[in-house]
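The values are calculated or read from the model by the stated rules, or taken from the named source; none is laboratory data. Nothing here was measured: the structure is a model prediction, and the numbers come from that model. Here the Cβ positions follow ideal geometry from the backbone for every residue, glycine too, while neighbour counts run over all protein chains shown. Only protein heavy atoms, including side chains, enter the accessible area calculation; ligands, DNA and RNA are left aside. Shrake-Rupley method; radii C 1.70, N 1.55, O 1.52, S 1.80 Å.
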Amino acid sequence: MTTPITPVFVETDLDSLATNEGRVVVFVPEDGRLTIPVRRVNRLMKGAVARFVASDAFARLKPGEACDLAWPVGMMAEAVQVVRLERRFDMEACRKAGAAIGAAGAGKPVLVLAGNQRGVDDIALGATLRAYDFTDHKTDSENAAKKPGQLTFAVTRMDEVEGMDKAVSALAEGVFFTRDLINEPSNVLTTTEFAARLEALAKLGVKVKTLDEPELEKLGMRTLLSVGHGSRSPSKVVIMEWMGGEKGVAPLALVGKGVVFDAGGISLKPAGGMEDMTMDMGGAGTVAGVMKTLALRAAKANVVAIVGLVENMPDGQATRPGDVVRSMKGDSVEVINTDAEGRLVLCDVMWHVQEAYKPAGMIDLATLTGAIVIGLGHENAGVFSNDNALCNGFLKAAENEGEGAWRMPLGAAYDKKLKSRIADMKNVGGRDAGAITAAQFLQRFVKDDTPWIHLDIAGVALVKTNTTLAPKGATGWGVLALNRLVANRFEG
Ligand code: BES
Ligand code: MN
Ligand code: ZN
């Protein structure tokens, strides 16, 4: 488990600056004006900060970017990091500045001279999120030693930062939970282990219930069960309730695809890149992170999450191409390709959550198609919806959080491609518009009066390069946006 650093806020003590060990961070705006604490550092360093600020190197820094002045004279610190940042609030720049602090400071105590800088919460969040490092399976001491150090913000007015440490932690804990789940290999994160990690949310006040195979059979979740037939790991559905809102108010439902490994089943995937399919539980992992954040910040909203945990493997017992299975809703599905398994999992859990909770809205998240990666790359998740108000609310929340999201179309013409000769529908619609026909499949399991969003996160859940707020690997995409959507639209 990766634990985020909890930022500590203290009153500025200029006299201890000379003897402070570790890293010291200062903010300087474009015009080069030095605030009081920065002037003190500059004096200790015999004018080196001012000389740097007057240089081309400083002029080249973009908002939120930083440069290290290493082993400064006159100080015990090992580096003074100068971050270019305006005092007025710009969330993107603040998070980027934080990320520069977090990326450079892993493993060392960091003292940030924030003074009365605006957006300290976003700076702290950026630093915390970017300091993430998944080292659970690294043995050597060098990596063990890289565990995050202390992150201290010296501020002018303590009343302005009251509660910020907890607020930042609630977000970071949720994002880290998601990233750990997605980064975890499939021999560790089996369906059983995944369910156990979700059950641990009970100690935060989340009501968690796990349904096992006999119960799923009884409910009629036959399409979900058909995906797990080839696996030694038992299929499970986990339901998490956070009812922090008013009694009787219909909840928002979050639904997650939790394929702990997707080998493709009998329609086996090619070997190249198959190892990435350890992240095919990204939808479920994201939903779990959102629930953790909601619980930690005691959100005044009713939210129910449901995840389908299965493993898609080839085996003598596995579902065959051409098999026909019946969904919980009652529709029959001809399984043309066993690698289009996500929709078979989602359709049953979506149906169940609508029957059991009559939600005010439903948002499913899934690493559903390679086609969305071809269409949108790793910059944007695909957004499909039957409800403009909910959809626009989500798009706004995602934009505010800097999480890429792009709306895609739905339509009857696409839906036609799912016609089956022998069953009510097929599970694939052909190569073209693959992300859209997948969404059309899901929409058949959305009740007409349920506002619904489908998020295809195949391209954004895990990326191979560093991003602003995460090192390469799982990003935690969606936790911040969904948390914000809940705050904006579902909290009284
Ligand atoms: N889990 C995959 C989709 C995926 C691809 C996720 C790349 C993350 C990165 C999904 O189950 C799948 O295999 N989809 C098929 C569907 C096809 C058989 C209709 C695909 O996209 O190729
Ligand atoms: Mn698949
Ligand atoms: Zn899959």
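Summary of values
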item	result
Estimated FRET transfer efficiency (ASP31, TRP71; beta-carbon r; R0 30 Å; 0.05)	0.60
Share antiparallel - DSSP beta bridges, segment 170-490, percent rounded to 5	50
At R0 = 41 Å, FRET efficiency that the Cβ-Cβ distance of LYS62 and ASN337 yields, to 0.05	0.35
Qualifying trypsin sites (Lys or Arg not before Pro) in segment 394-492, DSSP loop, other Cβ atoms within 10 Å at most 14	LYS419, ARG421, ARG431, LYS447, LYS464, LYS472
GLY22 long-range amide H proximity, modeled H, under 5 Å	GLU78
Ordering of 96-104, 124-132 by packing [mean C-beta count within 10 Å, highest first]	124-132, 96-104
Whole-number D in µm² s⁻¹ for segment 8-162, Kirkwood Cα-pair radius fed into Stokes-Einstein, 37 °C, 0.692 mPa s	211
Computed FRET value (nearest 0.05) for GLU213 with GLU78, which takes r as the C-beta separation and R₀ as 56 Å	0.50
Per-residue SASA entry for THR369, accessible area with 1.4 Å probe, Å² rounded to 10	10
Candidates per trypsin sites (Lys or Arg not before Pro) in segment 200-294, loop by DSSP, up to 11 other Cβ within 10 Å	ARG232, LYS247
Å³ per residue enclosed by the Cα convex hull of the chain	148
Rounded to 10°, Cα long-axis angle of helix 120-130 versus longest principal axis of the chain	60
Span from the segment 200-223 Cα centroid across to the segment 20-84 one, whole angstrom	54
Segment 195-314 shape via C-alpha gyration tensor axes, a/c threshold 1.5	prolate
Separation between Cα centres of segment 378-438 and segment 258-318, rounded to whole Å	19
Estimated [θ] at 222 nm from DSSP helical runs (n ≥ 4, -39500 (n - 2.57)) normalised by residues in the chain, nearest 500	-10000 deg cm²/dmol
ARG43-ILE374 pseudo-label distance in nm [points 7 Å out on the Cα-to-Cβ vector]	6.5
Filtered GluC sites (Glu not before Pro), segment 5-77: DSSP coil and at most 14 other beta carbons within 10 Å	GLU21, GLU30
Amide proton proximity set for LEU365, modelled H, under 5 Å, gap of 5+	VAL255, GLY256, LYS257, LEU455
Heavy-atom accessible area order for GLU213, GLU246, largest first, 1.4 Å probe	GLU246, GLU213
